[in-house]
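Notes to accompany the following structure.
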């Protein structure tokens, strides 16, 4: 599991009616059904655990092996999982006693109803031709996906480090890596690359003179328009 999961509720109030729309990032019944299905139908002879991955925009639940070959890929695309072969009937009886499953092929329909009622994207089922695994992919509700995207856009750009500023001030015209290192008094090329060169490139403050051949022996570096602006602003800041 890559992160801690919790169900979040979003309430949208309408100006023209009293009833509000409520959405969860993920409908809990759908997650419960996917987990029960993984525990019910996995093989306990294969030493691979049920894997739950919580990603920023989706949850995946995988188990081994995949669905019975009597269930065609076309059936899975149409969300029809009809099979007369059941793995782990005793596990199914235990889950039924806990009222977590019915054991009559009602799990997938229940999952779909919960997803549709919440307005979430339909699940995606993955397996391979040999049916070695089965993975259920549940995507986050579009409202929450939009919020995540807005937060990503609002993230503050990392501050330019003093090392990068030193590099910008040292760079005159077009200069090779060795020239820059010498001008900065740096002997360790790896430290120079990681602390000075790469951050400056990532910020778009400098550019390569031969961008299509980054490892060329004739490679040099020069300030971009953004880099020149940064150098000018730093000089003004030092004077003030």
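For this structure, a couple of remarks:
- Simple label model, 7 Å out from Cα along Cβ direction - residue 51 to residue 70, nm: 2.9
- Ratio of Rg to Rh over the range 32-135 (Cα coordinates, Kirkwood Rh, two decimals): 0.93
- Gyration tensor verdict on the chain (Cα atoms; rounded if a/c is under 1.5, prolate if a/b is larger than b/c, oblate otherwise): prolate
- Potential extension, residue 7-residue 148 segment - 0.36 nm per residue separation minus Cα distance: 49.3 nm
- 0 to 90° range, to nearest 10: angle between helix 142-154 axis and the chain longest Cα axis: 10
- Footprinting exposure proxy for 40, 26 (fewest neighbouring C-beta atoms within 10 Å first): 40, 26
- The alpha carbon gyration tensor of the range 162-213 gives principal lengths a ≥ b ≥ c with a/c below 1.5, which makes the shape rounded.
- Residues 228, 151, ranked from the fewest to the most other C-beta atoms within 10 Å, line up as 151, 228.
- Ordering of 42-55, 116-129, 135-148 by packing [mean C-beta count within 10 Å, highest first]: 135-148, 116-129, 42-55
- Put in order of Cβ neighbour count within 10 Å, fewest first, the listed residues 7, 36 become 7, 36.
- Global geometry of the range 183-240, whether rounded, prolate or oblate, following the gyration tensor of its Cα atoms and the 1.5 cut on a/c: oblate
- Here residue 210 and residue 237 are evaluated by their C-beta separation; at R0 = 22 Å the FRET efficiency comes out at 0.10.
- For the range 162-233: relative contact order, % (alpha-carbon pairs under 8 angstrom, 6 or more apart): 38
- Within the listed set 226, 110, 149, the Gaussian network model of the chain (springs between alpha-carbon atoms below 10 Å) gives the highest mean-square fluctuation for 226.
Just so you know, all these numbers are worked out from the coordinates, no wet-lab data involved. As the structure is a prediction and not an experimental result, all values here were calculated from the model. Note that each Cβ is placed from the backbone with ideal geometry, even for glycine, and that neighbours are counted across all protein chains shown.
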